[in-house]
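What follows is one structure encoded as C-alpha cells, with my remarks underneath.
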Amino acid sequence: MEARAELKYARISPTKVQIVLDLIRNKPVKEAEAILKNTPKAACEYLEKLLKSAVANATNNFDMDEDKLYVSECFATSGPILKRMRPRAQGRAYRIDKKTSHVTLVVKEQKDD
C-alpha cells in the first residue's frame, strides 16, 4: 500500500529539486521533515509541503500509521520551459529558459518483521 502526492509546474529547475530529493529518499517521514526544515535550499519549501500532503493522503485515504511511514520513492521530471528574451548589445537578444518541474513523492508503511 502506498500514498502519493504530486506537484506540477513548480517554478524551479528539476536538477535543483533532485539534489534535495536525494537527501530524503528512503528516510522515515519524521527524519525527512527535519532534513527539509534544516536544509538551506529553495526546493525545501516545495518539498516540505508536498511531504505533508503525501502523509495526509496516507493517513486519511488509506488509514496508514503516520509513525511507520517512510519516503519510498521520489523523483522530479522537467515540465514545460518558459522562454524569455534578454536584450543584449547591438540589438541582439539572448534567450533565458525558466525551467519548471513535476515532482512526485510516494510514502509507504514499513513492514514489521
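The figures follow:
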item: Note, ³J(HN,Hα) from phi for region 78-94, Karplus 6.51, -1.76, 1.60, rounded to Hz, x at Gly and Pro; result: 7, x, x, 9, 7, 9, 10, 10, 10, x, 10, 5, 6, x, 7, 9, 9
item: Reachable lysines from Lys27, criterion Cα separation under 25 angstrom, eight or more residues apart if same chain; result: Lys8, Lys16, Lys37, Lys41, Lys49, Lys52, Lys68, Lys108, Lys111
item: Computed over the chain: relative contact order in percent, which uses C-alpha pairs under 8 Å that are six or more apart; result: 41
item: Fluctuation leader among Lys99, Lys27, Lys83 - the chain, Gaussian network, Cα springs under 10 angstrom; result: Lys83
item: Dipole of region 2-109, positive end: most advanced residue of Ala89, Ala34, Ala58 [Cβ charges, Cα centre]; result: Ala89
item: Only Lys, Arg (+1) and Asp, Glu (-1) charged, at Cβ; region 2-109 dipole about Cα centre in debye; result: 1280
item: Per-residue Cβ neighbour rank within 10 angstrom, fewest leading, Tyr70, Tyr46; result: Tyr70, Tyr46
item: Listed values [x] 8.0; [y] 7.2; [z] 6.7, entry calculated as mean projected area of the Cα convex hull in nm²; result: [x]
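Quick note: the coordinates plus some simple rules give every number you see, no bench work behind them. Here the structure is a predicted model, which is why all the values come from computation and not from measurement. Using ideal geometry, Cβ is built from the backbone for each residue, glycine included, and neighbour counts are taken over all protein chains shown.
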